[in-house]
Amino acid sequence: MPRVNTVLGPVAAEELGVVAIHEHIGYGMPGSELDSRWWKTPEERYAETVPKLRAFHEHGGGTFVDATGICNGRDVDYYRSLSAKTGVHIVACTGFVGGDTALPFFASASVEYLTEQFVHEITVGISGTGARAGVIKVGVSRGGRMTDLDKKIYRAAAGAAVRTGAPVLTHLAIDAEPAVDIFRAEGLPLDRVLFGHADDGVNHDKTRHEWIIEQGGRIGFDTFGYETELPDPPFWARPRKDRLEHFMALVDAGHLDRLLASADANCSPLGWPGVEGHTVNYIFEVLIPDLRAAGLDDAAIERLLVTNPAAFLTLQP
Ligand SMILES: [Zn+2]
């Protein structure tokens with residue numbers, strides 16, 4: 001049976017419902033958990049997070065993919081509890097947001113070691129909980145070019161994806177040529193790769209959307225809601241209308257099957273204040289109405305938020 005790994009166990013792909021494909025329960029830079037100015041009690045974290053996931057569930061949200069890599073605050077025991085409390089399926093990832101967030105232990109590991117780590121987390125589990133990762137995270141370090149460490153992690157991710165059938169989700173879609181070369185060399189079909197953050201305000205004009213689609217890759221418009229209209233917009237914000245028109249241009253070019261959408265919001269940020277006024281529920285409260293107003297019908301919205309993510313997340317051993 002086609003299945004997806006969630007933190008509470010495998011789930012049939014058709015049970016995922018509406019999927020938020022790139023989100024965060026709590027994201028922080030490595031070491032932020034050691035900064036006592038930002039300490040939150042478990043109760044405070046629950047109080048910030050549970051209402052957002054409950055609202056997501058009430059809106060009709062089914063599945064929340066946590067794209068928080070190893071070293072960035074990933075906490076699977078906590079996710080299991082949140083999923084049980086709220087009824088939202090949570091998919092955890094293995095892998096790293098980028099080479100520049102891999103702590104020295106992992107940064108100095110071999111490709112083989114990292115591959116085994118990812119395979120273990122997908123097939124056996126994360127930190128003794130038995131909860132298996134459902135997706136592999138990789139990314140481009142700050143600077144706009146893939147570093148040697150980024151490439152090592154991409155190679156390990158590609159190898160683990162081939163062995164387990166798990167999909168790969170990237171942080172940033174810039175400098176995609178070396179990434180495509182690595183995936184091809186390792187024998188990973190490119191429809192198993194979601195090239196993420198293809199829409200953000202800093203990188204969208206440096207991202208080769210059409211080229212990635214021609215290679216067979218999937219494109220993530222997964223920073224919806226980080227817009228210049230926010231009260232205190234982050235540096236990667238973009239005008240709402242500009243992003244929507246860009247997205248619709250790809251739809252109008254016939255690429256709906258290749259597209260995925262999400263909000264990349266933090267339920268409870270770690271070591272930073274987060275971005276005020278932005279949550280995963282942007283998908284229901286703003287994005288879906290905007291897509292309807294732009295001309296997408298219900299079938300197209302279902303393809304974007306239900307069918308495409310289910311196909312992407314289904315393990316293909
Ligand atoms: Zn993210």
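Summary of computed values
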item: Gyration tensor (alpha-carbon) shape descriptor, the chain, a/c threshold 1.5; result: rounded
item: Set of lysines near K241 by C-alpha distance (under 22 Å), chain-local residues within fewer than 8 positions excluded; result: K206
item: Extension reserve of the R145-E210 stretch, reckoned as 0.36 nm per residue once the Cα distance is removed; result: 21.5 nm
item: Top of I213, I153, I90 by mean-square fluctuation, Gaussian network on the chain, Cα under 10 Å; result: I213
item: Span-like helix ranges in the chain, DSSP H, alpha carbon extent 20 angstrom or more, Kyte mean at least -0.5; result: 148-164
item: Percent RCO, i.e. relative contact order, over the chain, from Cα pairs under 8 Å lying at least 6 residues apart; result: 22
item: Fluctuation leader among N203, N266, N72 - the chain, Gaussian network, Cα springs under 10 angstrom; result: N203
item: Of the trypsin sites (Lys or Arg not before Pro) in the range 106-182, those whose Cβ has at most 12 other Cβ within 10 Å and which sit in DSSP loop; result: R142, R145
item: Share antiparallel - DSSP beta bridges, the chain, percent rounded to 5; result: 15
item: Set of lysines near K52 by C-alpha distance (under 24 Å), chain-local residues within fewer than 8 positions excluded; result: K40, K85, K137
item: Added length on full extension, which subtracts the Cα-Cα distance from 0.36 nm per residue, Q316 to R184; result: 45.8 nm
item: Alpha-carbon centroid distance for the pair the range 24-42 / the range 245-317, whole angstrom; result: 27
item: Cα gyration tensor shape of the range 53-167, rounded if a/c is under 1.5, else prolate or oblate by comparing a/b with b/c; result: prolate
item: Range in the chain, longest, excluding exposed GluC sites (Glu not before Pro) [loop by DSSP; at most 14 other beta-carbon atoms within 10 Å]; result: 1-228
item: Residue-averaged [θ]222 nm for the chain, counting only DSSP H segments that reach four residues, each worth -39500 (n - 2.57); result: -10000 deg cm²/dmol
item: Label-point separation in nm, A47 to H255, each point 7 Å along Cα→Cβ; result: 4.4
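We did not get these values from a lab; they are worked out from the coordinates using the rules stated. These numbers were taken from a predicted model, which means no experiment stands behind them. Note: ideal-geometry Cβ built from the backbone for every residue, glycine included; neighbour counts use all protein chains shown.
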